[in-house]
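The values are calculated or read from the model by the stated rules, or taken from the named source; none is laboratory data. Predicted model, so just to flag it, every value in this text is computed and none were measured. We place every Cβ from the backbone using ideal geometry, glycine too, and count neighbours over all the protein chains shown.
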Amino acid sequence: MTRFYQLETDFRYVNCGMCYVLKLESGELIVLDGGYFAPGQAEALNAFFREICPQGIRIRAWMFSHAHQDHIGAFINYVRQYPDTPIGRIYHAFQPMDFSGVTGDWKDSDPATFREFYTALKEMGEKADVHVFETGEVIDIDEARFEVLYTYRDAEEEITNFNDNSAVLMLSCRGTRILLPGDAAAVGAKALMKRPDKLKCDIVQLSHHGFFGLPEEVYAAAGAHTSLWPTPFYEVEKNAARQANAFLARTTDVILSNRGTACLELPYTKGTYTLLPRVFPDKAETDC
(Lines give C-alpha, C1' and ligand atoms only; values in the text may rest on other atoms or scores of the structure.)
Protein backbone atom coordinates (compact mmCIF):
# COMPACT_ATOMS: atom_id res chain seq x y z
CA MET A 1 0.00 0.00 0.00
CA THR A 2 1.27 3.48 -0.89
CA ARG A 3 0.72 6.32 1.58
CA PHE A 4 1.32 10.06 1.40
CA TYR A 5 1.78 12.02 4.63
CA GLN A 6 1.53 15.70 5.49
CA LEU A 7 3.65 15.87 8.63
CA GLU A 8 2.82 17.90 11.68
CA THR A 9 5.65 20.32 12.46
CA ASP A 10 6.41 22.27 15.63
CA PHE A 11 4.83 25.72 15.32
CA ARG A 12 5.91 26.88 18.79
CA TYR A 13 9.18 28.26 17.39
CA VAL A 14 8.15 29.47 13.95
CA ASN A 15 4.83 30.09 12.18
CA CYS A 16 5.75 28.07 9.11
CA GLY A 17 7.53 24.86 8.12
CA MET A 18 6.77 22.00 5.74
CA CYS A 19 7.41 18.30 5.40
CA TYR A 20 5.78 15.65 3.19
CA VAL A 21 6.61 11.94 3.06
CA LEU A 22 5.63 9.33 0.49
CA LYS A 23 5.88 5.71 1.65
CA LEU A 24 6.29 3.47 -1.35
CA GLU A 25 4.87 -0.04 -1.56
CA SER A 26 8.43 -1.32 -1.08
CA GLY A 27 8.54 0.36 2.33
CA GLU A 28 11.06 2.96 1.19
CA LEU A 29 10.45 6.67 1.77
CA ILE A 30 10.58 9.83 -0.34
CA VAL A 31 10.83 12.99 1.76
CA LEU A 32 10.09 16.56 0.66
CA ASP A 33 11.73 19.31 2.74
CA GLY A 34 11.60 18.43 6.47
CA GLY A 35 10.74 21.53 8.46
CA TYR A 36 12.49 23.98 10.77
CA PHE A 37 15.50 23.26 13.00
CA ALA A 38 13.39 23.58 16.15
CA PRO A 39 14.56 21.53 19.14
CA GLY A 40 13.15 18.02 18.83
CA GLN A 41 12.16 18.31 15.17
CA ALA A 42 14.86 15.94 13.87
CA GLU A 43 14.04 13.50 16.67
CA ALA A 44 10.35 13.70 15.79
CA LEU A 45 11.16 12.99 12.15
CA ASN A 46 13.19 9.95 13.12
CA ALA A 47 10.47 8.68 15.44
CA PHE A 48 7.92 9.03 12.65
CA PHE A 49 10.16 7.23 10.15
CA ARG A 50 10.68 4.40 12.64
CA GLU A 51 6.94 4.15 13.28
CA ILE A 52 6.00 3.74 9.63
CA CYS A 53 9.09 1.68 8.77
CA PRO A 54 9.29 -0.99 11.50
CA GLN A 55 11.61 -3.10 9.35
CA GLY A 56 14.14 -0.26 9.14
CA ILE A 57 14.30 3.25 7.68
CA ARG A 58 15.27 3.47 4.02
CA ILE A 59 15.01 6.90 2.43
CA ARG A 60 15.05 6.40 -1.32
CA ALA A 61 15.08 10.14 -2.05
CA TRP A 62 15.08 13.40 -0.10
CA MET A 63 13.83 16.32 -2.17
CA PHE A 64 13.85 20.04 -1.44
CA SER A 65 11.71 22.89 -2.70
CA HIS A 66 13.99 25.77 -1.69
CA ALA A 67 16.59 26.77 0.89
CA HIS A 68 14.64 28.62 3.58
CA GLN A 69 15.22 27.68 7.22
CA ASP A 70 11.76 26.17 7.72
CA HIS A 71 12.29 23.80 4.79
CA ILE A 72 15.94 22.65 5.10
CA GLY A 73 16.77 23.24 8.79
CA ALA A 74 15.50 19.92 10.12
CA PHE A 75 17.41 18.01 7.41
CA ILE A 76 20.71 19.52 8.55
CA ASN A 77 20.14 18.33 12.11
CA TYR A 78 18.74 14.99 10.97
CA VAL A 79 21.71 13.87 8.89
CA ARG A 80 24.07 14.82 11.71
CA GLN A 81 22.10 13.07 14.43
CA TYR A 82 21.28 9.97 12.36
CA PRO A 83 24.24 9.58 9.97
CA ASP A 84 23.60 5.88 9.46
CA THR A 85 20.16 6.41 7.92
CA PRO A 86 20.35 5.27 4.26
CA ILE A 87 19.53 8.16 1.89
CA GLY A 88 19.58 7.16 -1.75
CA ARG A 89 19.63 10.51 -3.53
CA ILE A 90 19.19 14.19 -2.66
CA TYR A 91 17.31 16.41 -5.11
CA HIS A 92 17.13 20.20 -5.31
CA ALA A 93 17.33 23.13 -7.71
CA PHE A 94 18.87 25.75 -5.44
CA GLN A 95 19.96 29.00 -7.06
CA PRO A 96 23.62 30.10 -6.96
CA MET A 97 24.44 32.00 -3.78
CA ASP A 98 27.46 34.06 -2.69
CA PHE A 99 28.22 33.02 0.88
CA SER A 100 31.42 35.06 1.20
CA GLY A 101 29.79 37.73 3.36
CA VAL A 102 27.73 35.32 5.46
CA THR A 103 28.87 35.17 9.08
CA GLY A 104 27.59 33.97 12.41
CA ASP A 105 25.86 30.85 13.64
CA TRP A 106 24.06 28.88 10.95
CA LYS A 107 20.72 29.32 12.70
CA ASP A 108 20.94 33.12 12.76
CA SER A 109 19.78 33.77 9.20
CA ASP A 110 18.43 32.12 6.06
CA PRO A 111 21.72 32.66 4.13
CA ALA A 112 23.72 31.09 6.96
CA THR A 113 21.38 28.09 7.06
CA PHE A 114 21.63 27.80 3.27
CA ARG A 115 25.43 27.71 3.56
CA GLU A 116 25.20 25.11 6.34
CA PHE A 117 23.14 22.85 4.11
CA TYR A 118 26.14 22.46 1.81
CA THR A 119 28.41 21.96 4.81
CA ALA A 120 26.17 19.11 5.97
CA LEU A 121 26.33 17.54 2.49
CA LYS A 122 30.14 17.68 2.59
CA GLU A 123 30.08 15.96 5.97
CA MET A 124 28.02 13.15 4.43
CA GLY A 125 30.88 12.50 2.00
CA GLU A 126 30.22 9.91 -0.68
CA LYS A 127 26.81 9.17 0.81
CA ALA A 128 25.56 12.52 -0.53
CA ASP A 129 24.39 11.65 -4.05
CA VAL A 130 23.02 15.00 -5.23
CA HIS A 131 20.89 15.57 -8.33
CA VAL A 132 19.83 19.03 -9.54
CA PHE A 133 16.28 19.38 -10.87
CA GLU A 134 15.70 20.59 -14.44
CA THR A 135 12.34 21.92 -15.63
CA GLY A 136 10.52 19.29 -17.68
CA GLU A 137 12.45 16.47 -16.08
CA VAL A 138 10.51 13.35 -15.11
CA ILE A 139 11.79 11.29 -12.20
CA ASP A 140 10.35 7.80 -11.85
CA ILE A 141 10.83 6.06 -8.50
CA ASP A 142 8.89 2.78 -8.47
CA GLU A 143 5.17 3.65 -8.56
CA ALA A 144 5.84 7.38 -8.08
CA ARG A 145 6.50 9.89 -10.85
CA PHE A 146 7.72 13.42 -10.18
CA GLU A 147 7.59 16.00 -12.95
CA VAL A 148 9.48 19.26 -12.48
CA LEU A 149 7.15 22.07 -13.57
CA TYR A 150 9.27 25.07 -12.54
CA THR A 151 12.67 26.09 -11.20
CA TYR A 152 14.22 29.54 -10.68
CA ARG A 153 15.74 29.26 -14.18
CA ASP A 154 12.27 29.74 -15.69
CA ALA A 155 11.84 33.23 -14.23
CA GLU A 156 11.48 35.89 -16.93
CA GLU A 157 12.14 38.72 -14.51
CA GLU A 158 14.44 39.29 -11.58
CA ILE A 159 13.48 37.22 -8.57
CA THR A 160 13.16 39.60 -5.63
CA ASN A 161 11.15 37.21 -3.46
CA PHE A 162 13.41 34.31 -2.40
CA ASN A 163 10.36 32.01 -2.36
CA ASP A 164 10.16 32.18 -6.16
CA ASN A 165 13.30 30.02 -6.19
CA SER A 166 11.07 27.12 -5.15
CA ALA A 167 11.05 24.10 -7.43
CA VAL A 168 7.46 23.14 -8.28
CA LEU A 169 6.78 19.42 -8.53
CA MET A 170 3.84 17.32 -9.71
CA LEU A 171 3.66 13.93 -8.06
CA SER A 172 1.64 11.27 -9.90
CA CYS A 173 1.12 8.06 -7.98
CA ARG A 174 -1.54 5.33 -8.12
CA GLY A 175 -3.76 7.52 -10.28
CA THR A 176 -3.60 10.52 -7.89
CA ARG A 177 -1.90 13.79 -8.86
CA ILE A 178 -0.46 16.04 -6.14
CA LEU A 179 0.84 19.54 -6.97
CA LEU A 180 3.70 20.60 -4.64
CA PRO A 181 4.70 24.24 -5.22
CA GLY A 182 6.74 24.78 -2.04
CA ASP A 183 6.68 28.52 -1.41
CA ALA A 184 6.40 29.63 -5.06
CA ALA A 185 4.84 33.07 -5.54
CA ALA A 186 4.12 35.64 -8.27
CA VAL A 187 7.11 35.01 -10.57
CA GLY A 188 6.64 31.26 -10.40
CA ALA A 189 2.94 31.69 -11.10
CA LYS A 190 3.63 33.51 -14.39
CA ALA A 191 5.77 30.62 -15.61
CA LEU A 192 3.29 27.97 -14.43
CA MET A 193 0.32 29.66 -16.10
CA LYS A 194 1.98 29.33 -19.50
CA ARG A 195 1.01 25.64 -19.29
CA PRO A 196 -2.15 25.56 -17.14
CA ASP A 197 -2.95 22.05 -18.39
CA LYS A 198 0.13 20.81 -16.52
CA LEU A 199 -1.39 21.99 -13.22
CA LYS A 200 -4.43 19.70 -13.23
CA CYS A 201 -4.42 17.64 -10.05
CA ASP A 202 -6.46 16.03 -7.32
CA ILE A 203 -4.55 17.48 -4.38
CA VAL A 204 -2.67 20.77 -4.12
CA GLN A 205 -0.33 22.06 -1.43
CA LEU A 206 -1.03 25.63 -0.29
CA SER A 207 1.99 27.68 -1.33
CA HIS A 208 4.03 29.63 1.23
CA HIS A 209 1.86 28.53 4.16
CA GLY A 210 -0.95 30.87 3.04
CA PHE A 211 1.13 34.05 3.16
CA PHE A 212 2.14 35.72 -0.13
CA GLY A 213 2.16 32.61 -2.29
CA LEU A 214 0.55 31.61 -5.56
CA PRO A 215 -2.47 33.60 -6.79
CA GLU A 216 -5.98 32.18 -7.11
CA GLU A 217 -5.67 31.61 -10.86
CA VAL A 218 -3.07 28.87 -10.33
CA TYR A 219 -5.31 27.00 -7.90
CA ALA A 220 -8.29 27.45 -10.21
CA ALA A 221 -6.29 25.92 -13.07
CA ALA A 222 -5.25 23.05 -10.80
CA GLY A 223 -8.88 22.21 -10.00
CA ALA A 224 -8.00 20.11 -6.96
CA HIS A 225 -10.67 18.68 -4.65
CA THR A 226 -8.32 18.58 -1.63
CA SER A 227 -5.71 21.05 -0.37
CA LEU A 228 -2.84 20.52 2.05
CA TRP A 229 -2.07 23.50 4.28
CA PRO A 230 1.36 23.39 6.00
CA THR A 231 0.39 26.04 8.52
CA PRO A 232 -1.13 26.44 12.01
CA PHE A 233 -4.75 27.39 12.58
CA TYR A 234 -3.92 30.86 13.93
CA GLU A 235 -2.24 31.79 10.64
CA VAL A 236 -5.25 30.45 8.73
CA GLU A 237 -7.42 32.88 10.69
CA LYS A 238 -5.02 35.80 10.14
CA ASN A 239 -4.83 35.18 6.39
CA ALA A 240 -8.39 34.07 5.73
CA ALA A 241 -9.13 37.13 3.59
CA ARG A 242 -6.37 36.43 1.09
CA GLN A 243 -8.03 35.68 -2.24
CA ALA A 244 -6.15 32.44 -2.93
CA ASN A 245 -6.72 31.12 0.59
CA ALA A 246 -10.41 31.95 0.47
CA PHE A 247 -10.70 30.18 -2.88
CA LEU A 248 -9.17 26.96 -1.57
CA ALA A 249 -11.20 27.12 1.64
CA ARG A 250 -14.35 27.42 -0.46
CA THR A 251 -13.60 24.85 -3.16
CA THR A 252 -11.48 22.14 -1.51
CA ASP A 253 -11.36 19.84 1.48
CA VAL A 254 -8.68 21.52 3.64
CA ILE A 255 -6.19 19.38 5.60
CA LEU A 256 -4.30 21.50 8.14
CA SER A 257 -0.87 20.34 9.31
CA ASN A 258 -1.05 21.35 12.96
CA ARG A 259 -4.08 19.16 13.59
CA GLY A 260 -1.74 16.16 13.42
CA THR A 261 0.12 14.25 10.72
CA ALA A 262 -2.36 13.35 7.95
CA CYS A 263 -2.15 9.99 6.20
CA LEU A 264 -3.61 9.74 2.69
CA GLU A 265 -3.78 6.30 1.10
CA LEU A 266 -3.15 6.35 -2.65
CA PRO A 267 -5.16 6.29 -4.80
CA TYR A 268 -6.87 8.94 -2.70
CA THR A 269 -10.60 9.47 -2.31
CA LYS A 270 -11.66 12.87 -1.00
CA GLY A 271 -12.31 12.91 2.73
CA THR A 272 -10.73 9.55 3.54
CA TYR A 273 -7.52 10.74 5.23
CA THR A 274 -6.72 9.82 8.82
CA LEU A 275 -4.93 11.89 11.46
CA LEU A 276 -2.17 10.46 13.60
CA PRO A 277 -1.94 11.53 17.27
CA ARG A 278 -0.42 14.97 17.65
CA VAL A 279 3.20 15.22 18.74
CA PHE A 280 3.58 18.95 19.43
CA PRO A 281 1.31 21.35 21.34
CA ASP A 282 0.00 24.42 19.53
CA LYS A 283 1.79 27.71 20.15
CA ALA A 284 -1.53 29.14 21.29
CA GLU A 285 -1.77 26.43 23.94
CA THR A 286 1.72 27.08 25.29
CA ASP A 287 1.11 30.85 25.31
CA CYS A 288 -1.89 30.49 27.62
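Might you let me know whether the range 259-271 holds any residue that is in contact with a helix residue (DSSP H, G or I) (Cβ under 8 Å, 6 or more places away or on another chain) and closer than 28 Å to residue 29 by Cα?
Taking the range 259-271 and keeping what is in contact with a helix residue (DSSP H, G or I) (Cβ under 8 Å, 6 or more places away or on another chain), we get 259, 261.
With closer than 28 Å to residue 29 by Cα added as a condition, the list becomes 259, 261.
Yes.
Has the range 101-115 got at least one residue that is modelled with pLDDT under 95, surrounded by 14 or more Cβ atoms within 10 Å (Cβ to Cβ) and assigned to a loop (DSSP other than H, G, I, E, B)?
Checking the range 101-115: not a single residue is modelled with pLDDT under 95, surrounded by 14 or more Cβ atoms within 10 Å (Cβ to Cβ) and assigned to a loop (DSSP other than H, G, I, E, B).
What are the residues in the range 126-136 that are within 17 Å of residue 165 (Cβ to Cβ) and part of a loop (DSSP other than H, G, I, E, B), if any?
Selection gives 133, 134, 135.
Would you pick out the residues in the range 137-157 that are more than 19 Å from the chain's Cα centre (by Cα) and not aliphatic (A, V, I, L, M)?
142, 143, 153, 154, 156, 157
Can you name every residue in the range 142-152 that is crowded, with 19+ Cβ neighbours inside 10 Å and either touching a Lys or Arg at 6+ places or on another chain (Cβ under 8 Å) or under 12 Å from residue 24 (Cα atoms) (or both)? Before you say what the answer is, go through the steps one by one.
Filtering the range 142-152 down to residues crowded, with 19+ Cβ neighbours inside 10 Å leaves 144, 146, 148-152.
Selection gives 144, 149.
Six or more apart or on different chains, Cβ under 7 Å: which pairs go from a residue in the range 168-197 that's over 16 Å from residue 64 (Cβ atoms) to one that's in a helix (DSSP H, G or I) and of a type in the set (A, V, I, L, M, F, W, C)? Could you list them?
179/199; 179/222; 189/218; 192/199; 192/218; 193/218; 193/221; 196/221
Are any residues in the range 1-28 over 14 Å from the mean Cα position of the chain (by Cα) and either without any contact (Cβ under 8 Å) to a residue 12 or more places away in the chain or part of a strand (DSSP E or B) (or both), and if so, which ones?
Residues of the range 1-28 over 14 Å from the mean Cα position of the chain (by Cα): 1-3, 10-15, 23-28.
2, 3, 23, listed by residue number.
Quick one: in the range 73-98, which of the residues that are over 19 Å from the mean Cα position of the chain (by Cα) and closer than 21 Å to residue 167 by Cα is surrounded by the fewest Cβ atoms within 10 Å (Cβ to Cβ)?
Looking only at the range 73-98, we keep the residues that are over 19 Å from the mean Cα position of the chain (by Cα), and these are 80-86, 96-98.
Within this subset, residues satisfying the condition of being closer than 21 Å to residue 167 by Cα are 96-98.
On the way: 96: 5, 97: 13, 98: 7.
So the residue we want is 96.
Kindly list the number of the only condition in (1) surrounded by 22 or more Cβ atoms within 10 Å (Cβ to Cβ); (2) acidic (Asp, Glu); (3) not in a helix (DSSP H, G or I) that fails for residue 158.
Unmet condition: (1).
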